[in-house]
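What follows is a set of notes on a single structure, which appears directly below.
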Amino acid sequence: MRIAWPSAVASIALAAVLIGILVGFQIPAAKSATPPPPGAPAGAAGHGAPAMKVDPAVQRGQVAFQQYCVTCHGPAGKGDGVSATNLPIKPQNLTEGRVVNPLPDHFLHRLISQGGQAVGLSPLMPGFTPYLSDAQIGEVIAYVRTLAQPAFDPKGVLPVPARREGPVQPIFFSHVVHAGSMQIACQYCHANARRSNSAGVPSVERCMGCHKIVAAQGNPEVQKLHRYWEKKEPIPWVRIFKVPEYAQFPHKQHVQAGLQCQTCHGRIEAMEQVAAQTGQNTVNDLQNLAGMRVAPVTLTMGWCVDCHRTVNEKGVAAVQNMKDVPTPSVAVAPGTEAKRRNAPLECVICHH
């Protein structure tokens with residue numbers, strides 16, 4: 001049989017063109033087989049860009065988020081879901097990294113699994129333990145971390161203890177929420193610290209300055225505050241820090257010297273319930289009697305005297321780490337942290 005060469009050449013050319021077209025479509029599809037991570041710009045994984053790897057846990061978390069969370073938090077996590085319209089307390093904007101990033105994973109896990117009331121927030125945020133396993137909740141948290149702007153940095157997470165310590169207060173006031181997440185400065189509430197000997201406890205009026213509007217409905221803990229306000233009664237807070245009656249500690253002078261609140265009180269912004277181990281104890285006394293060189297207990301005379309000697313020689317930089325203070329409550333002039341102070345060592349300064 002004779003072959004029509006022109007026809008054969010045309011058929012081969014047409015087949016080559018078709019194969020080239022098919023291969024051309026497959027190559028971009030292969031590059032975009034791995035979707036860009038949540039929040040990445042559109043087209044980041046295609047059109048010649050290298051394929052971007054996505055954590056499978058983040059992908060599963062996104063699926064769970066779309067199924068359980070978008071109703072209130074919205075498809076982009078901005079707190080604008082369809083069910084959020086009529087809520088008295090709007091859902092948190094999860095893209096607001098300044099607020100969400102400081103909260104550790106175990107705090108967010110408790111919030112999602114047990115509901116808002118478990119961390120002092122509104123029970124309008126329900127618990128999802130019946131619907132999501134611990135592993136799934138962890139995946140949702142991993143996905144939520146990708147939404148934050150500025151981006152989540154593990155180094156900025158607050159050292160919140162997994163187990164709460166300290167006495168239960170009449171109102172569950174979480175310093176993690178107020179001072180840690182919202183970054184309200186200490187002296188906004190404890191305004192007397194810079195004016196007098198005592199830092200003072202904020203009045204009900206000071207609390208109501210925010211909570212007449214913020215979470216005025218929908219949070220049982222805030223409703224307790226409203227009841228004290230209506231009855232014109234002070235909140236019977238359980239005292240944590242106290243020096244002996246025969247000693248005086250003037251807050252004003254220490255604030256003026258540039259001493260941050262955390263230096264004496266610890267990382268308050270990382271405490272859901274304020275706890276402190278201060279004052280003398282038998283173990284420390286016996287160690288000192290035995291001649292052991294051990295550090296004195298916080299807020300004892302030995303601890304205060306050691307601090308005064310140190311700042312007189314090296315300045316306040318030697319007794320406090322500013323990296324531990326995300327929102328400084330005490331203004332310190334730049335470059336003065338290492339300046340020597342003149343802290344008194346005479347007995348009558350504190351005992352008179």
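Would you call Val332 touching a helix residue (DSSP H, G or I) at 6+ places or on another chain (Cβ under 7 Å), in contact (Cβ under 8 Å) with a residue 24 or more places away in the chain and not charged (D, E, K, R)? Taking the combined requirement at face value, the residue does not satisfy it.
The helices (runs of 4 or more DSSP H) found wholly in segment 196-258 and carrying at least 2 residues that are among the aliphatic types (A, V, I, L, M) and at pLDDT 95 or above occupy 204-211, 220-231. Put simply, of Glu337, Glu272 the only residue that is assigned to a loop (DSSP other than H, G, I, E, B), charged (D, E, K, R) and at pLDDT 95 or above is Glu272. Could you check, for segment 294-307, whether at least one of its residues is modelled with pLDDT of 80 or more, in a loop (DSSP other than H, G, I, E, B), of a type in the set (Gly, Ala, Ser) and loosely packed, with under 13 Cβ neighbours inside 10 Å? Yes, that holds for at least one residue. Examine segment 124-143 for a residue that is outside the structural domain of Gly266 (by TED's automatic domain parsing), under 14 Å from the mean Cα position of the chain (by Cα), modelled with pLDDT of 95 or more and not acidic (Asp, Glu), and state whether such a residue exists. So far as segment 124-143 goes, yes, one or more of its residues are outside the structural domain of Gly266 (by TED's automatic domain parsing), under 14 Å from the mean Cα position of the chain (by Cα), modelled with pLDDT of 95 or more and not acidic (Asp, Glu). From the list Ala275, Ala215, Ala290, Ala199, the lone residue that is more than 21 Å from Pro344 (Cα to Cα) and crowded, with 17+ Cβ neighbours inside 10 Å is Ala215. Reported count of residues in segment 319-352, each being small (Gly, Ala, Ser) and either on the phi > 0 side of the Ramachandran plot or surrounded by 13 or more Cβ atoms within 10 Å (Cβ to Cβ) (or both), is 3. Scan segment 265-283 for residues that are more than 26 Å from Cys186 (Cα to Cα) and within 34 Å of the chain's Cα centre (by Cα) and the total you get is 2.
Confirm whether Phe173 is closer than 30 Å to Gln277 by Cβ, outside the structural domain of Cys261 (by TED's automatic domain parsing) and crowded, with 19+ Cβ neighbours inside 10 Å. Yes: the conditions hold for Phe173.
For segment 71-118, name all the residues that are hydrophobic (A, V, I, L, M, F, W, C) and surrounded by fewer than 16 Cβ atoms within 10 Å (Cβ to Cβ). Once the filter is applied, which keeps residues that are hydrophobic (A, V, I, L, M, F, W, C) and surrounded by fewer than 16 Cβ atoms within 10 Å (Cβ to Cβ), segment 71-118 yields Ala76, Val82. Do we have Tyr228 as in contact (Cβ under 8 Å) with a residue 24 or more places away in the chain, exposed (fewer than 13 other Cβ atoms within 10 Å of the Cβ) and among the hydroxyl-bearing types (Ser, Thr, Tyr) here? So Tyr228 does not fit the description; no. Go through (1) of a type in the set (S, T, N, Q); (2) farther than 30 Å from Pro170 by Cβ; (3) within 25 Å of the chain's Cα centre (by Cα); (4) assigned to a helix (DSSP H, G or I) and name the single condition Gln320 misses. With (1) of a type in the set (S, T, N, Q); (2) farther than 30 Å from Pro170 by Cβ; (3) within 25 Å of the chain's Cα centre (by Cα); (4) assigned to a helix (DSSP H, G or I) applied to Gln320, the lone miss is (4).
Can you confirm whether segment 222-230 contains a residue that is among the acidic types (Asp, Glu) and assigned by TED's automatic domain parsing to the domain that holds Cys304? Among the residues of segment 222-230, not one is among the acidic types (Asp, Glu) and assigned by TED's automatic domain parsing to the domain that holds Cys304, which makes the answer no. Comparison of Leu158, Leu147 shows that the only residue that is over 30 Å from His254 (Cβ atoms), aliphatic (A, V, I, L, M) and surrounded by 15 or more Cβ atoms within 10 Å (Cβ to Cβ) is Leu147.
Pairs under 6 Å by beta carbon, first residue assigned by TED's automatic domain parsing to the domain that holds Gln262 and under 18 Å from Glu245 (Cα atoms) in segment 281-305, partner of a type in the set (S, T, N, Q) and part of a loop (DSSP other than H, G, I, E, B), six or more apart or different chains? Going by the 6 Å Cβ cut-off, the qualifying pairs are Thr298/Thr278; Leu299/Thr278; Thr300/Gln280.
Does segment 164-177 contain any residue that is without any contact (Cβ under 8 Å) to a residue 12 or more places away in the chain and either in a helix (DSSP H, G or I) or of a type outside the set (Gly, Ala, Ser) (or both)? No - not one qualifying residue is present in segment 164-177.
The values are calculated or read from the model by the stated rules, or taken from the named source; none is laboratory data. Since the structure is predicted, the reported quantities are computational estimates derived from the model, not experimental observations. FYI the Cβ positions are ideal-geometry reconstructions off the backbone, even for glycines, and counts take in every protein chain you see.
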